[in-house]
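Below is one structure, written out as structure tokens; the observations come after it.
The values are calculated or read from the model by the stated rules, or taken from the named source; none is laboratory data. If you're wondering where the values come from, they're calculated on a predicted model, not measured in any experiment. Here the Cβ positions follow ideal geometry from the backbone for every residue, glycine too, while neighbour counts run over all protein chains shown. To get the accessible areas, we keep the full protein, side chains included, count just its heavy atoms, and leave off ligands, DNA and RNA. Shrake-Rupley method; radii C 1.70, N 1.55, O 1.52, S 1.80 Å.
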Amino acid sequence: MTVTPHLPTTRVLATRAELRAALAEAPRPIGLVPTMGWLHDGHRALIRQARSEAATVVVTIFVNPRQFNVAADYTKYPRNEARDLEICRTEGVDLVFAPPVEEVFPPGFDTTVSVGAVAGPLEGAARPGHFEGVATVVAILFGLVGAERAYFGQKDAQQVMVIRQMARDLAIPTAVVACPTVREPDGLALSSRNVHLDPAKRRAAPVLRQALLAARGAWEAGERSAHALRERMLQALAAEPLADVEYVSVADGQTLAELDRVDGAALLSLAVRFGTTRLIDNEPLGAGPPGG
Ligand code: AMP
């Protein structure tokens, strides 16, 4: 694949028409990085991977109201477009699509993309409507951008699987690329929501990673009982009084169905609240990233 040098400046577009016009003259292949803004080093890693593989890098910044099942979570989601654009410029992004809500969901918009079994458990069960919102907006962005490849974080492992299923089923020719989770030195996965953690909760938050690693350690030592692995995670989380556990899961790496025994590829995952801030993380076991 020949990769042509990218455009020298970052252009910021707010409407579908502007995006369409810019894409008409953009060198291919196109790499798409969908985000909700408040960019951090996790997003940067996706952008860098896109930059290394695509002639044109498109970053979308859109806090999608349809994927928030709790209204307050949407209104308090952190936003700083000026800072995000500076990061995009530094990373050599060609096009930033930062539309207002009505540009993505114009008046009369009345379609929902609902993915089946893989969207059901875990985040799908904990956040009703979340994956419909994600799949719907990503289908729109895939349609608008027509990228050869789109980059997503393994931190949201189930989201990657849901989007892959959606793209396959709807015959969308954009390849879904999963990128490794970027972490703070103490193991906390970078997330825009980390900004809401006060110092005590921030000190407590690496317990997610510690719980996952405790279970991974037990699995590496030969433990195959999914129940025992869940118990290892719960035990580690119990040591942290600020951690309010929503779920721990040991699921099949392809279907995300909860397991009794871990015999093939599996996904350890958890969701934990610290006050009103909800954090998730995961760790694949065996045979590469799930759905990868
Ligand atoms: P968000 O802006 O939170 O919707 O995330 C946009 C994309 O960045 C999604 O594909 C996320 O999975 C990905 N992402 C978020 N945090 C991380 C991280 N710590 N490491 C890698 N990718 C991430």
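Quick look at the numbers
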{"quantity": "Region 237-266 residues near the modelled Ala200 label - backbone nitrogen below 15 Å, point 7 Å along Cα→Cβ", "calculated": "240-244"}
{"quantity": "Global geometry of the chain, whether rounded, prolate or oblate, following the gyration tensor of its Cα atoms and the 1.5 cut on a/c", "calculated": "prolate"}
{"quantity": "Choice from Ala17, Ala266, Ala157 with maximal GNM fluctuation in the chain (Cα, 10 Å cutoff)", "calculated": "Ala17"}
{"quantity": "Gyration tensor verdict on region 112-182 (Cα atoms; rounded if a/c is under 1.5, prolate if a/b is larger than b/c, oblate otherwise)", "calculated": "oblate"}
{"quantity": "Between helix 130-145 and the chain: long-axis angle, C-alpha atoms, 0 to 90°, nearest 10", "calculated": "30"}
{"quantity": "Residue among Gly129, Ala55, Val33 farthest towards the positive dipole end of the chain, charges placed on Cβ", "calculated": "Ala55"}
{"quantity": "Per residue solvent-accessible surface (Å²) - the chain, probe of 1.4 Å", "calculated": "43"}
{"quantity": "Accessible surface of region 226-284, 1.4 Å probe, proportion on carbon and sulfur as whole %", "calculated": "50"}
{"quantity": "Gain on full stretching of the segment that runs from Thr9 to Glu53 - 0.36 nm per residue minus C-alpha separation", "calculated": "14.0 nm"}
{"quantity": "Volume of the Cα convex hull of region 193-264, divided per residue and given in Å³", "calculated": "97"}
{"quantity": "Cα-based helix-to-principal-axis angle, 81-90 vs the chain, degrees rounded to 10", "calculated": "80"}
{"quantity": "Peptide ranges 233-244, 276-287 listed from the most packed, as the mean C-beta count within 10 angstrom indicates", "calculated": "276-287, 233-244"}
{"quantity": "Protection proxy ranking, peptides 25-34, 110-119, 197-206, average beta carbon neighbours within 10 Å, highest first", "calculated": "25-34, 197-206, 110-119"}
{"quantity": "C-alpha long axis of helix 41-53 to longest principal axis of the chain, angle in °", "calculated": "50"}
{"quantity": "The chain: relative contact order in percent, alpha carbon pairs under 8 Å with at least 6 residues between", "calculated": "16"}
{"quantity": "Apportionment of accessible area to carbon and sulfur, region 8-63, percent (1.4 Å)", "calculated": "53"}
{"quantity": "Approximate spin-label separation Ala239-Arg16, in nm, with each point projected 7 Å along Cα-to-Cβ", "calculated": "5.3"}
{"quantity": "Computed over region 77-218: relative contact order in percent, which uses C-alpha pairs under 8 Å that are six or more apart", "calculated": "19"}
{"quantity": "Tensor-based shape of region 59-207 (alpha-carbon gyration tensor, a/c under 1.5 rounded, otherwise prolate or oblate)", "calculated": "rounded"}
